[in-house]
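**Student:** Starting off with a structure, shown below.
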Amino acid sequence: MDALNLDKPQTVLVIEDKISFANRLVAYLTRNGHQVVAFAGVDFVQGSELFGLTPLTATSESPVDLTKIDLCFLDHYFEGEDYDGTELTKIMAPLGIKVCGMSSVDHANFSMLRYGAVCAYRKDILARMLSL
């Protein structure tokens, strides 16, 4: 978790289709001074622009300029057909975005780690770690 630098304000992208979990994570990040953009899924990525599905905050506008994102809390399975967390990790990590994978499925977390996530946790563990 230290690699995420949650003690300083950052621009954070959340991609999570379990709305109750996403809302708790967004509230935590906002309370702690981060600017948050959140979606329930991804339609597509073109260059450095991510087109999100189902905005989860009033300020979540699509497309998102990935070059402006510091950190992404990334589910592995979410709305949309063309991407999963592993595919997005392959796009985000080379851009310098710190990816925190978060799936309820261990092998999905291991896959995101293998392709550049700085950390990955089961959602129940992440919720306890952040006191969500």
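**Student:** Any idea which of (1) within 17 Å of MET129 (Cα to Cα); (2) aliphatic (A, V, I, L, M); (3) outside any helix (DSSP H, G or I) is the one ALA40 doesn't satisfy?
**Tutor:** If we test ALA40 against (1) within 17 Å of MET129 (Cα to Cα); (2) aliphatic (A, V, I, L, M); (3) outside any helix (DSSP H, G or I), just (1) comes out false.
**Student:** Return only the number of the condition from (1) part of a loop (DSSP other than H, G, I, E, B); (2) at pLDDT below 95; (3) surrounded by fewer than 18 Cβ atoms within 10 Å (Cβ to Cβ) that ALA3 does not satisfy.
**Tutor:** Here ALA3 meets the rest and fails (1).
**Student:** Looking only at the range 75-110, which residues are assigned to a helix (DSSP H, G or I), surrounded by 22 or more Cβ atoms within 10 Å (Cβ to Cβ) and either over 13 Å from the mean Cα position of the chain (by Cα) or of a type outside the set (S, T, N, Q) (or both)? Reasoning before the result, please.
**Tutor:** If we filter the range 75-110 for residues that are assigned to a helix (DSSP H, G or I), which is where we start, we get 85-95, 106-110.
Now narrow it down to the ones that are surrounded by 22 or more Cβ atoms within 10 Å (Cβ to Cβ): 85, 88-89, 92, 109.
If the condition is that a residue be assigned to a helix (DSSP H, G or I), surrounded by 22 or more Cβ atoms within 10 Å (Cβ to Cβ) and either over 13 Å from the mean Cα position of the chain (by Cα) or of a type outside the set (S, T, N, Q) (or both), then GLY85, LEU88, MET92 are the ones that fit.
**Student:** Return the residues of the range 40-85 that are aromatic (Phe, Trp, Tyr) and under 22 Å from PRO9 (Cα atoms); say none if nothing qualifies.
**Tutor:** If we filter the range 40-85 for residues that are aromatic (Phe, Trp, Tyr), which is where we start, we get 44, 51, 73, 77-78, 83.
Selection gives PHE73 alone.
**Student:** When residues of the range 60-74 are filtered for being surrounded by fewer than 14 Cβ atoms within 10 Å (Cβ to Cβ) and over 26 Å from ALA3 (Cα atoms), how many remain?
**Tutor:** If we filter the range 60-74 for residues that are surrounded by fewer than 14 Cβ atoms within 10 Å (Cβ to Cβ), which is where we start, we get 61, 65, 67-68.
From what's left, over 26 Å from ALA3 (Cα atoms): 61.
Residues meeting the conditions: 1.
**Student:** If you go through the range 48-60 one residue at a time, do you hit one that is acidic (Asp, Glu), modelled with pLDDT under 95 and touching a strand residue (DSSP E or B) at 6+ places or on another chain (Cβ under 8 Å)? Show your work before the answer.
**Tutor:** The initial filter retains those residues of the range 48-60 that are acidic (Asp, Glu), namely 49.
From what's left, modelled with pLDDT under 95: none.
Scanning the range 48-60, I find no residue that is acidic (Asp, Glu), modelled with pLDDT under 95 and touching a strand residue (DSSP E or B) at 6+ places or on another chain (Cβ under 8 Å), so the answer is no.
**Student:** Quick one: count up the residues across the range 1-28 that are more than 24 Å from LYS90 (Cβ to Cβ) and of a type in the set (A, V, I, L, M, F, W, C).
**Tutor:** 3
**Student:** Report, ordered by the first and then the second residue, all pairs with beta carbons closer than 8 Å, sequence separation of six or more or different chains, a first member in the range 111-122 that is on the phi < 0 side of the Ramachandran plot and of a type in the set (Gly, Ala, Ser), and a second member that is buried (at least 18 other Cβ atoms within 10 Å of the Cβ) and assigned to a loop (DSSP other than H, G, I, E, B).
**Tutor:** Final answer for the pair search is SER111/HIS76; ALA120/SER103.
The values are calculated or read from the model by the stated rules, or taken from the named source; none is laboratory data. This is a predicted model, so every value here is computed, not measured. Here Cβ is always computed from backbone atoms with ideal geometry, including for glycine, and neighbour counts include all displayed protein chains.
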